[in-house]
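To keep things clear, I will list the structure first and then write my remarks on it.
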Amino acid sequence: MTVSASIPIAVMSITLFRLFSRMTGTRQATILENNMVQTTGSAGESIAFGVGVTMPALMILGYEMELARVMVVASLGGLLGILMMIPLRRAFIVQQHGKLPYPEGTACADVLIVGEQGGSSARTVFTGFGVSVLYKVMMSGMRLWHDAPERMLTFFKGAAVSAEVAPELLGVGYIIGTKIACVMVAGGILASWVLIPAIKLFGDGLTAPLFPATTLIRDMSPAQIWKSYVLYIGAGAVAAGGIISLFQALPVIVSSLKAGLADMVGGKTAPKAKTRTEDDLPNSVVVFGSLAMIAALMAAPMLGLGFGLKGFLGAAMIVLFGFLFVTVSSRLTGEIGSSSNPISGMTVATLLLTCLVFVLLGWVGKDYRLTALSIAAVVCIAASNGGTTSQDLKTGFLVGATPRFQQLGLLVGALSSALVIGATLLVLNDAGTVYAKRDVPSVTVDVGGLKKELLKGPDAKLDASWYYGLSVGEGEIQGLEAGKYLVDDAGKVRYVVDPGINGTETTRMDGSTVQKYNAPKARLMSLIIDGILTQKLPWGLVLLGVAIALVLELCGVPSLPFAVGVYLPLSSSTPIFLGGVARWVVDSWTKKSAAESDMSPGVLLSSGYIAGGAIAGIAIALMSLSPKLVDALDFSKIGAWTQSEATSIVAFGALTLFLLLVGAERLLAEKKKHA
């Protein structure tokens with residue numbers, strides 16, 4: 001999910017600059033300097049989202065998620081999104097001032113203005129950060145309670161109640177609001193309490209596996225049914241919801257494209273900037289910069305484009321889809337904010353169109369999967385960063401910043417974030433990777449041309465031998481599923497490298513357990529690519545999802561968040577729903593308007609929850625690479641209460657109660673004042 005990082009970055013900038021000023025005796029930072037920090041830093045949020053929903057699909061498709069590949073895609077996609085937004089600034093931000101509200105950009109400007117006057121906003125963010133870090137360490141590091149309690153409903157076959165009791169998901173639910181949180185959990189309920197039980201009910205009597213599963217339904221757990229059937233239904237619903245949202249925005253798309261093209265074409269006759277607040281980077285930088293990045297995309301060997309027809313067509317689609325969706329993303333950010341911007345729907349649409357073009361041209365081999373994903377990833381990152389750029393430029397417009405400097409800051413922020421996000425993904429993946437033993441006598445591979453490698457992480461201490469790394473695509477080798485394997489000198493499979501991102505094995509060879517990352521959007525990308533290019537997509541299930549999206553739209557319910565709820569496990573939607581309920585309770589108590597709620601104590605605390613939970617998760621992943629440190633921190637056996645689901649509920653309840661109390665801070669203060 002895209003959650004705007006601008007407000008917490010602005011608050012942290014104000015606080016840290018103020019501390020630095022007191023410690024050194026120098027002047028305090030100006031509002032423009034604080035705005036420059038949030039502008040540069042917010043690029044990281046959009047880069048992280050774009051990379052996170054696309055690049056892990058590489059491993060699902062059987063490729064290596066190489067650091068160089070991630071960095072190239074992240075850098076070029078991020079820079080492309082910024083450059084394509086520059087000529088649209090006057091059309092969206094200046095000319096549409098008063099018409100496009102830019103809710104989060106306006107709230108961020110308010111925070112910057114209020115920040116110069118002091119206040120407790122920063123303390124609220126840092127309090128949320130500290131509480132979230134402590135909670136996450138106790139839960140995932142010390143393992144004092146389960147992170148995802150689940151209870152099967154014995155009276156309702158196939159149904160279960162579950163929740164991922166993570167502080168970051170609670171914060172996300174509070175920020176996105178009650179309506180969207182309720183719609184999402186409704187999709188999760190449909191999947192877990194309707195679709196899975198229905199499949200279980202009608203499939204228990206089958207004597208043969210039902211495609212695409214290879215196991216009898218009566219022998220499958222709810223999680224296996226979800227992965228084999230509901231996942232495709234959810235994918236169809238998400239794809240349809242994304243395309244519907246694009247059609248709904250068609251008038252906006254057309255008007256935005258006209259405005260953007262008119263602004264670019266009229267660049268020579270446009271009035272020259274008379275003040276610094278109208279000083280943009282010239283259009284020549286946009287044109288030549290975009291051309292240079294397209295050439296770099298074609299030249300990068302790890303992306304599989306090249307300078308032939310495939311590379312030229314891929315570059316053309318990047319330019320076309322990139323400008324289209326950057327324009328749409330920038331406009332939608334102005335209407336509904338970056339947190340509600342349906343970037344994933346745009347990415348799905350890009351991927352569907354790209355794969356269909358490839359099928360028409362007969363490009364269905366393994367290498368074309370990498371090309372299709374590369375195109376979608378660059379467009380996704382460009383669209384995501386285009387929306388963030390639009391929001392930041394609006395904040396700058398409101399506080400009197402210089403657009404040229406903001407645009408340069410965004411370019412720096414995009415590059416620095418791109419250098420970090422790839423390493424972060426690899427660290428998270430390595431920390432959760434399990435080497436599961438496999439013996440497949442029917443498969444012998446030629447090891448010629450394969451690279452030798454050692455086992456990594458804690459599993460390496462149990463096997464120090466060298467093996468050949470083998471990446472397998474869907475249907476490429478009979479008897480082997482898509483993924484990575486280790487084979488010995490004789491070409492026999494010895495291990496499957498089960499990744500931390502979207503892997504299934506949670507127990508290492510030494511008996512220790514690891515945390516896995518579902519990467520649901522990356523799984524969706526891989527399903528679309530593999531299904532269309534191999535023509536093995538279970539269209540019956542996909543069309544069920546499409547029909548669900550159509551029913552929701554006809555009922556006046558936004559289909560995309562509902563579809564995301566169907567596609568995600570119920571355990572992910574439940575804490576988001578609880579965060580939305582907490583937001584409803586607080587807003588009802590305090591009777592705040594939407595504008596007040598955007599920068600309320602509850603929103604600031606939730607921002608701290610998100611940041612603290614995410615950073616603590618990365619730190620715990622790093623620590624898990626050391627078996628001794630994992631054992632030293634493990635307190636799961638100090639008492640039976642650590643294994644009880646009640647402990648998880650009590651801990652998460654306390655976290656939610658604290659959010660409610662902080663969110664209602666003004667109400668409590670007013671009551672105390674009147675008393």
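The values are calculated or read from the model by the stated rules, or taken from the named source; none is laboratory data. Keep in mind the model is a prediction, meaning the values are calculated, not measured. Note: ideal-geometry Cβ built from the backbone for every residue, glycine included; neighbour counts use all protein chains shown.
State the number of residues belonging to the stretch 485-497 that are part of a strand (DSSP E or B) and surrounded by fewer than 20 Cβ atoms within 10 Å (Cβ to Cβ).
Adding up the residues that qualify gives 2.
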Flagged in the stretch 410-449 as assigned to a loop (DSSP other than H, G, I, E, B) and small (Gly, Ala, Ser), in numbering order, are 442, 448, 449
Only one of 460, 418, 464, 414 is surrounded by fewer than 18 Cβ atoms within 10 Å (Cβ to Cβ), outside the structural domain of residue 620 (by TED's automatic domain parsing) and within 30 Å of residue 613 (Cβ to Cβ), namely 460
Could you tell me whether residue 43 is under 15 Å from the mean Cα position of the chain (by Cα), modelled with pLDDT under 85 and of a type in the set (A, V, I, L, M)?
yes
With criteria (1) under 24 Å from residue 105 (Cα atoms); (2) aromatic (Phe, Trp, Tyr); (3) free of Cβ contacts under 8 Å to residues at least 12 places away in the same chain, residue 584 comes up short on (3)
* Asked: Going by the structure shown, is residue 522 touching a Leu at 6+ places or on another chain (Cβ under 9 Å) and within 30 Å of residue 626 (Cβ to Cβ)?
  -> yes
Selection over the stretch 28-65 where residues are part of a loop (DSSP other than H, G, I, E, B), touching a helix residue (DSSP H, G or I) at 6+ places or on another chain (Cβ under 6 Å) and under 27 Å from residue 533 (Cβ atoms) yields a count of 6
Those residues of the stretch 343-369 which are of a type in the set (A, V, I, L, M) and surrounded by fewer than 20 Cβ atoms within 10 Å (Cβ to Cβ) amount to 352, 353, 356, 357, 359, 360, 361, 364
Listed by first then second residue, the pairs whose first member lies in the stretch 625-648 and is touching a residue at least 24 places away in the same chain (Cβ under 8 Å) and within 14 Å of residue 145 (Cβ to Cβ), whose partner is in a helix (DSSP H, G or I) and of a type in the set (Phe, Trp, Tyr), with beta carbons under 9 Å and at least 6 positions apart or on separate chains, are 647/641
- [ ] Would you check if residue 659 is in contact with a Phe, Trp or Tyr (Cβ under 7 Å, 6 or more places away or on another chain), under 14 Å from residue 124 (Cα atoms) and modelled with pLDDT of 85 or more?
- [x] yes
The correct count of residues that are in contact with a Phe, Trp or Tyr (Cβ under 6 Å, 6 or more places away or on another chain), polar (S, T, N, Q) and modelled with pLDDT of 80 or more in the stretch 342-389 is 1
Selection from the stretch 499-521 of residues over 23 Å from residue 48 (Cα atoms) and not in a loop (DSSP other than H, G, I, E, B) yields 507, 513
When you scan the stretch 580-589, do you find a residue that is surrounded by 14 or more Cβ atoms within 10 Å (Cβ to Cβ) and of a type in the set (Ser, Thr, Tyr), even just one?
no
Of (1) touching a strand residue (DSSP E or B) at 6+ places or on another chain (Cβ under 8 Å); (2) part of a loop (DSSP other than H, G, I, E, B), residue 571 fails just (2)
(message) Whether any residue in the stretch 567-576 is in contact with an Asp or Glu (Cβ under 8 Å, 6 or more places away or on another chain) and closer than 30 Å to residue 111 by Cα is what I want to check.
(response) yes
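Take the conditions under 26 Å from residue 585 (Cα atoms), buried (at least 16 other Cβ atoms within 10 Å of the Cβ) and in contact with a helix residue (DSSP H, G or I) (Cβ under 9 Å, 6 or more places away or on another chain) and apply them to residue 624. Does it pass? Walk me through it before giving the result.
Details: under 26 Å from residue 585 (Cα atoms): no; buried (at least 16 other Cβ atoms within 10 Å of the Cβ): yes; in contact with a helix residue (DSSP H, G or I) (Cβ under 9 Å, 6 or more places away or on another chain): yes.
Judged against the criteria, residue 624 is not a match.
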Exactly one of 465, 471 is polar (S, T, N, Q) and part of a strand (DSSP E or B), and that one is 471
Among (1) closer than 25 Å to residue 618 by Cβ; (2) among the β-branched types (Val, Ile, Thr); (3) out of contact with any helix residue (DSSP H, G or I) (no Cβ under 9 Å at 6 or more places or on another chain), residue 447 falls short only on (1)
When the stretch 74-106 is checked residue by residue, the ones that are of a type in the set (Gly, Ala, Ser), buried (at least 24 other Cβ atoms within 10 Å of the Cβ) and modelled with pLDDT under 85 are 105
If you go through 140, 162, the only one that is in contact with a strand residue (DSSP E or B) (Cβ under 6 Å, 6 or more places away or on another chain) and surrounded by fewer than 24 Cβ atoms within 10 Å (Cβ to Cβ) is 162
Taking the stretch 289-307 and keeping only residues that are of a type in the set (Gly, Ala, Ser), at pLDDT below 80 and on the phi < 0 side of the Ramachandran plot, one is left with 290, 300
